[in-house]
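What follows draws every value from the coordinates through simple rules; no lab data is involved. The shown structure was predicted, so the numbers you read here are calculated from the model rather than taken from an experiment. Cβ atoms come from the backbone with ideal geometry, glycine included; neighbour counts cover every protein chain shown.
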Amino acid sequence: MTICFVTTNRGKYEEASKLLRSFGIRVEWVNQECVEIQSDSLEEIAKRSAQEAAQKLKRPVFVEDAGLFIEALGGFPGPYSSYVYKTIGVLGVLKLMEGVENREAYFESVIAFCDLVRGELEAFSGRVYGRISLEPRGSHGFGYDPIFIPSEGNGRTFAEMSTEEKNTLSHRARALRAFASWLRNRRLV
Ligand code: IMP
């Protein structure tokens, strides 16, 4: 089974294709920008993007939307993570966190799958809890990976892990596993 992932993010594509391969699902990468609505809900953003992409490409697709939610900042940047990354970046986020003792944060990922012919629009989510580091560390991954330390990662940031290791505990991997098991059951229908 081959399934189409619409994203401009190579890192996301690599994580998804490696993880879904272990479920016997091949990922075809469509390197195209998705329409992203403004909303406080990752699910709403992802579902709308999936619908638009499925309409445009005239085939079933999935997209993914993620956000970093920092407790001491009231969940910021959350759904605005992309804008914050492009404007102030990881160093800007560290600056906002200067002198802040509570560094608890989580990543959330929402995958939305849309098949217009079958009338399907489904969402799957995953979370990983951790904390914001004091300085950026590591050279793997992308985005906020150098400043996010997952609770179960022996104190290393995501950027200090290989894709395979990040895939054992990341928000995206959890959402992808839920998606994969739904796809498996769907094939029987
Ligand atoms: P997007 O809107 O889902 O592409 O992601 C929002 C922002 O969070 C972007 O700046 C991404 O680089 C960043 N981001 C998304 N997922 C991850 C991740 O797994 N690790 C680190 N940063 C991420």
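Across all Cα atoms of the chain, the radius of gyration (one decimal) and Dmax (whole number) stand at 16.4, 54 Å.
Counting neighbouring beta carbons within 10 Å and listing from fewest to most, the residues Thr7, Thr87, Thr163, Thr168 come out as Thr87, Thr168, Thr163, Thr7.
For the stretch 34-133, the relative contact order works out to 31 percent when only alpha carbon pairs closer than 8 Å and six or more residues apart are counted. Here Lys58 is the anchor, and the lysines within straight C-alpha reach of less than 26 Å, apart from those fewer than 8 places off in the same chain, are Lys12, Lys18, Lys47.
The aspartates and glutamates whose alpha-carbon is closer than 17 Å to the alpha-carbon of Lys95, local same-chain residues fewer than 8 away aside, are Glu71, Glu104, Glu135, Asp145.
Below 8 Å between Cα atoms, with a sequence gap of 6+, how large is the relative contact order for the stretch 2-188 in percent?
Over the stretch 2-188, the number comes to 20 percent.
About its Cα centre, the stretch 2-188 has a charge dipole of approximately 740 debye under the convention of +1 per Lys or Arg Cβ and -1 per Asp or Glu Cβ, with nothing else charged.
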